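A short write-up of the structure that comes next.
The values are calculated or read from the model by the stated rules, or taken from the named source; none is laboratory data. Computed from a predicted model, the values in this text were never measured in an experiment. Please note: Cβ atoms are built from the backbone with ideal geometry, for glycine as well, and neighbour counts cover all protein chains shown. Only protein heavy atoms, including side chains, enter the accessible area calculation; ligands, DNA and RNA are left aside. Shrake-Rupley method; radii C 1.70, N 1.55, O 1.52, S 1.80 Å.
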Amino acid sequence: MTIRAVVRGVGHYLPARVVPNAEFEASLDTSDEWIRTRSGIERRHFAAEGETTSDLGAAAARAALDDAGLGAADIDAIIVATSTPDLTFPSVATMIQAKIGLTTGFAFDVQAVCAGFVFALANANALILAGQARRVMVIGAETFSRILDFTDRSTCVLFGDGAGALILEAAGGEGTAADRGILSADLNSDGSHLDLLYVDGGVSTSGTAGHLRMQGNQVFRHAIEKLAETAHTALDKAGLSAADVDWIVPHQANLRIIEGTARRMQVPMERVVVTVQDHGNTSAASIPLALSVGKARGQVSEGDIVVTEAIGGGLAWGAVVLRW
Ligand code: UT7
């Protein structure tokens, strides 16, 4: 028998405030038309003043527990993917642990920017396969609105806030691609591209949180090239091909990147979960948000082969293949 990390529950949370593209027209030389055409984004959510990443993550965690029919005490470990923590330390994961009323198990953060959820999922899978934990809550939670430069039209119109959570549970499998659960992962980083996407502040440099800086068209070029490749590698590792894919659940940065990747993978857009129009780019939160919304829409259901793929600052990129 093989151990598999199987999805037991999923949930999400979006802050109440919805910001339509038109809101940026008042203060910037931009337009709803430009933002829609270049990115596919129509609106995004921004956290309220005082509402933190751990608040968003805890709300998503509660929704996932409800979906799974579990209580907080049933969780052995919490991994949070985020680049926008409440504080420099402790981890957002321990804050969420406290907010859902859990004092046992262990909790830590993973920082791989927009690829964070894919990295966290692969790490949660490894913990379960190693017998370190039986049930792991994997959360992507971000308040990117707090690190945006609202005078920079090339970045501030693209990002949003939100959180999604997935509960993985150890289960028995046959060791074949017919098993439910995580089937494979492919993770990559290349730190030589720091200048393409970074935050210009930090604890050991400026002592400030800083603002997001991005050479968007350069990141775009890498995304188109690397996402289909990592997805193919992960499918290969699972013994599957693009024809087996029921759903691509991609990082939601730009509709043109999502479409370009699907085209390269030869998967039709009817089999891609798209939420970027409503959420913008929520970095590490975008994939669990899309998984939760996709399930609610009836797009992702038990037995489906799901491919998640993401790229972000670092650069860091990767893909996870799972049978839902
Ligand atoms: O999640 C992490 C990874 N991040 C991403 O995947 C983002 C990847 N990049 C992108 O999504 C796209 O590159 C953008 C949406 C950021 C930009 O689209 P683009 O087609 O690559 O446009 P561009 O950066 O080449 O800019 C085209 C023009 C420029 O003007 P000029 O130089 O042609 O006169 C920009 O100054 O669009 C201008 N521009 C804008 N115009 C109106 C840039 N931002 C705006 C704006 N409104 N908000």
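Summary table
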{"quantity": "The stretch 35-75: translational diffusion in µm²/s, Stokes-Einstein, Kirkwood Rh over Cα pairs, 20 °C, 1.002 mPa s", "calculated": "168"}
{"quantity": "Residue among GLY239, GLY173, GLY50 with the largest mean-square fluctuation in a Gaussian network model of the chain, springs linking Cα atoms under 10 Å", "calculated": "GLY50"}
{"quantity": "Compactness of the stretch 181-323 - radius of gyration and Dmax, Cα, Å", "calculated": "15.6, 49"}
{"quantity": "Extreme residue, positive dipole direction of the chain, given options ALA22, ILE182, GLY160 (C-beta unit charges)", "calculated": "ILE182"}
{"quantity": "Order of exposure, largest accessible area first, which applies to ASP236, ASP55 with probe 1.4 Å", "calculated": "ASP236, ASP55"}
{"quantity": "Accessible area of the stretch 2-173 belonging to carbon and sulfur atoms, whole % at 1.4 Å probe", "calculated": "52"}
{"quantity": "Mean residue ellipticity (222 nm) of the chain, computed from DSSP H runs ≥ 4 via -39,500 (n - 2.57), nearest 500", "calculated": "-9500 deg cm²/dmol"}
{"quantity": "Built amide H within the under 5 Å cut-off of ALA112, gap 5+", "calculated": "THR82"}
{"quantity": "Value of relative contact order over the stretch 2-173, rounded to a whole percent, pairs C-alpha under 8 Å and six or more apart", "calculated": "36"}
{"quantity": "Per residue, in Å², the accessible surface of the chain once ligands and nucleic acids are set aside, probe 1.4 Å", "calculated": "39"}
{"quantity": "Dipole moment magnitude, nearest 20 debye, the chain about Cα centre, only Lys, Arg, Asp, Glu C-beta charged", "calculated": "360"}
{"quantity": "The stretch 30-48 versus the stretch 103-151: alpha-carbon centroid distance in Å", "calculated": "26"}
{"quantity": "Total formal charge among the other residues, if their Cβ is under 13 angstrom from that of ALA296, Lys/Arg +1 and Asp/Glu -1", "calculated": "-1"}
{"quantity": "Table column - 3J(HN,Hα) (Hz), the stretch 30-39, Karplus curve with 6.51, -1.76, 1.60, x for Gly and Pro", "calculated": "8, 8, 3, 4, 4, 5, 4, 5, 7, 10"}
{"quantity": "The stretch 73-97 versus the stretch 271-324: alpha-carbon centroid distance in Å", "calculated": "20"}
{"quantity": "Table column - 3J(HN,Hα) (Hz), the stretch 176-191, Karplus curve with 6.51, -1.76, 1.60, x for Gly and Pro", "calculated": "10, 6, 7, 5, 6, x, 6, 9, 6, 9, 9, 10, 8, 9, 9, x"}
{"quantity": "Residue with peak Gaussian network fluctuation, the chain [Cα springs, cutoff 10 Å], from GLU33, GLU259, GLU142", "calculated": "GLU33"}
{"quantity": "Considering only the stretch 2-173, percent of DSSP beta bridges that pair antiparallel, nearest 5", "calculated": "70"}
{"quantity": "Fraction of beta bridges assigned by DSSP in the chain that are antiparallel (%, nearest 5)", "calculated": "75"}
{"quantity": "Gaussian network model of the chain, Cα within-10 Å springs - most flexible of PHE150, PHE220, PHE89", "calculated": "PHE89"}
{"quantity": "The chain: relative contact order as a whole-number percent, Cα under 8 Å and 6+ apart", "calculated": "26"}
{"quantity": "Neighbour net charge for GLU51 - beta-carbon separation under 13 angstrom, K R +1, D E -1", "calculated": "-2"}
{"quantity": "Cut-off under 5 Å, modelled amide H: who pairs with GLY280 long-range", "calculated": "GLU42, ARG43"}
{"quantity": "In Hz, Karplus ³J(HN,Hα) per residue of the stretch 223-233 (6.51, -1.76, 1.60; θ = phi - 60°; x = Gly, Pro)", "calculated": "4, 4, 6, 8, 5, 5, 5, 5, 5, 5, 4"}
{"quantity": "All-pairs Cα distance distribution in the chain, expressed in whole percent, bin size 10 Å", "calculated": "6, 29, 37, 22, 5, 0, 0"}
